[in-house]
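Here's the structure we're looking at; comments come further down.
Read-outs: derived from the displayed coordinates by stated rules, not from any lab. Just so we're clear, the structure is a prediction, and the values are computed from it rather than from any experiment.
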Amino acid sequence: MNRLLTGLAAVLLVGCGVSTSPVPDIPTGSLDPAAAKLIQQHIDGVRSHPRSGDAWGKLGGVLKSYNYREQAHVCLTEAKRLDRKNPRWPYSLAILGVEPETNLRRAVALCGNDPEMPRLRLARLLAESGQQNEARAEVQDLLRAKPNSAPARLLLAQISSSRNEVNEAI
């Protein structure tokens, strides 16, 4: 019986835990003391809650805002892995420039049209990469849900104009 309990405890300790990435090194010596303190608070949050996608994502967002792009990439990737249903993390990775189309598609799959920005950014990315039909489809999906979205209407007009579809651009 003791052997069974010991084995079960070992399985629970090793097999059921979600391993996390180590917190990346962040040189804060040249930063304003308030910025360094803010970063340290978020590092402490990750260390206190290493399996929290929210803690990793918030650290990644703060690091991104201070232009620690590589470290933000590590943190946001970890947030995305730990919190797979949260559209903020793939969206933030896309904004960071990490596999933008893939990450925007994931964010849109998770949040749909609310908020509308992930779908708008995906549509703009598709339009700018020459995928006009897909871009138009994304904007039209958004307009079905939010017919008064001025940014979506503007993007649809720009797509139509680029295709010389003057009547639809107006």
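For Lys37 and Gln140 in the same chain, what is the full-extension length gain: residue separation times 0.36 nm, less their Cα-Cα distance, in nm? Working it through step by step, the gained length comes to 32.6 nm. The share of Cα pairs per 10 Å bin across the chain, counted from zero up to the longest distance, runs 10, 28, 24, 19, 12, 5, 2, 0 percent.
If the convex hull of the alpha-carbon atoms of the range 60-106 is projected onto planes in all directions, what is the mean projected area in square nanometres?
The directionally averaged projection comes out at 2.7 nm².
Candidate cross-link partners of Lys80 among the aspartates and glutamates, defined by an alpha-carbon separation under 15 Å and a same-chain spacing of 8 or more, comprise Asp54, Glu99.
Considering only alpha-carbon pairs that sit under 8 angstrom and 6 or more positions apart, the relative contact order computed for the range 115-170 is 27 percent.
Across all Cα pairs in the range 117-170, the calculated P(r) in 5 Å bins from zero up to the longest distance comes to 5, 24, 35, 25, 10, 1 percent per bin. Evaluated at q = 0.18 Å⁻¹, a Debye calculation over the C-alpha positions of the range 46-141 (equal weights, vacuum) places log10 I(q)/I(0) at -0.76.
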